[in-house]
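**Student:** Provided herewith is a single structure, encoded as structure tokens, for subsequent inquiry.
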Amino acid sequence: MSRLPLPGRSRTACAVFAAGLAATLTVLPGGAAHAFTGDNHEDVTRAALPWEPVTLTAMADAHDGAVNANDRRPYFDVGALHCDNADYLAPRYSAGYPRTRDEATTELLACIRTSVARFRNAVRAADGLVDAHGTVRADQSDLSTPCAWDEKPGRAKCAVLEQLGRGWHQIEDFYSHSNWSDRSAAGPIGLDNPPGLERTDHPPFLDIRRYSAMKDADWTRDARGRIPSDLATGCYPDFDSTGVKPADCDGRVAHNRTLNKDTAASARAKTGARAGDNFRRATAGATAELTRQWNDFKAELLAAYPDQGRGAQMVCAIVHDDPAAACP
């Protein structure tokens, strides 16, 4: 979805929301394109998930899918929900860069933290999909009317999809906003051409399932040690984890000008071995990553709810459009 101004929404109101959301996620138990466009989020999500069509559309739809809910107000203006503002350039590339490695890492950890919290929420919400005997609850798994994605109590399946979608959005954004999979453009490395890490593996610091079972201080320490020193995501004028919203990103590795691969026409998307190479690399990485995240979520349900085959029935209820009939 394209990034648009927030008419009638004050900076103070946005800052209060950002601070409140950050606090909420911390205490939970256990105008240019800002993210992959809604269409690209949809493409990635559809390619990654082997779900039946109605359920898959509820998750992936470019305009109304759960995976795009973070691109709506007011979540839209919170950098941690899009893996923004973890920008950094080492001194060998840019002496006196205005952000330290530790500050950049803190922003990336804030992004990861939101996904860990959403994963935990989704596991808890899945408990409502089946009864104590492992029978799918038809009233809780029905999608005959649309889910609202408003974080209010409702059908269990809507709750699971919303928590997963809101947690997966920034994981997909990580690939379009960072230099993890990038190849740098020809020429010197610097502010307008940060290093590309050219990675094709899963980022070890996005091990959301493992982190969800750890104390927050422990997984934060683990993730911090796994973040490469040259990793960066772009500066964007939204609220970072401290509640600061820069007026612009002058003097910093910028999302819009530099690292953005939200569309195939974005500047960074067109660099690499051939035109569009970085966009393809980001899309492939995000798709493989989401497949991993879904497989990890399935494994967690099976482990967390073994009695009466409840975990397997929960997985069945998520995947199928008519689980009451498909999951006897």
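**Student:** Under 29 Å between alpha carbons, and skipping anything fewer than 8 positions from K215 in its own chain: which lysines qualify?
**Tutor:** K152, K157, K298
**Student:** Rounded to the nearest 20 debye, what is the charge dipole size of the chain about its Cα centre when +1 sits on each Lys and Arg Cβ and -1 on each Asp and Glu Cβ?
**Tutor:** 620
**Student:** Taking Cα centroids, how far is the range 271-328 from the range 211-264 in Å?
**Tutor:** For the range 271-328 versus the range 211-264, the Cα centre distance is 25 Å.
**Student:** Another question about this same structure. What does the extension gain come out to for T263 and R210, with contour length at 0.36 nm per residue minus their alpha carbon separation?
**Tutor:** Length difference between fully extended and current span is 15.9 nm.
**Student:** Provide the FRET efficiency to the nearest 0.05 for the T145-A247 pair, computing r from the beta carbons and using R0 = 45 Å.
**Tutor:** The computed FRET efficiency comes out at 0.55.
**Student:** Relative contact order for the range 187-284 using alpha-carbon pairs under 8 Å, separation at least 6, rounded to a whole percent?
**Tutor:** For the range 187-284, the relative contact order is 19 percent.
**Student:** Moving on. Please name whichever of T283, A317, G165 sits farthest to the positive end of the charge dipole of the range 29-326, dipole taken about the Cα centre and charges placed at Cβ: Lys and Arg +1, Asp and Glu -1.
**Tutor:** T283
**Student:** Between A186 and D296, take the C-beta separation as r, use R0 = 45 Å, and let me know the FRET efficiency to the nearest 0.05.
**Tutor:** Efficiency at R0 = 45 Å is approximately 0.75.
**Student:** Trypsin sites (Lys or Arg not before Pro), restricted to the range 208-305: which are DSSP loop and have at most 11 other Cβ atoms within 10 Å?
**Tutor:** K215, R274
**Student:** Taking the Cβ of each residue in T37, T233, T100 as the centre, tally the other Cβ atoms inside 10 Å and list the residues starting with the fewest.
**Tutor:** Arranged by neighbour count, lowest to highest, T37, T233, T100 become T100, T37, T233.
**Student:** Now for a separate question. Suppose only helical runs count, i.e. DSSP H with n ≥ 4. What mean residue ellipticity at 222 nm does that imply for the chain under -39500 (n - 2.57) per run, divided by all residues and rounded to the nearest 500 deg cm²/dmol?
**Tutor:** -14000 deg cm²/dmol
**Student:** Could you tell me which of A47, S241, P91 has its Cα farthest along the dipole of the chain towards the positive end, charges placed at Cβ (Lys, Arg +1; Asp, Glu -1), taken about the Cα centre?
**Tutor:** The Cα lying farthest towards the positive end belongs to P91.
Only the coordinates and a few stated rules stand behind these numbers; no lab work does. Treat the numbers as computed from the prediction; the structure is a model and nothing was measured. Glycine gets a Cβ as well: all are built from the backbone with ideal geometry, and neighbour counts include every protein chain shown.
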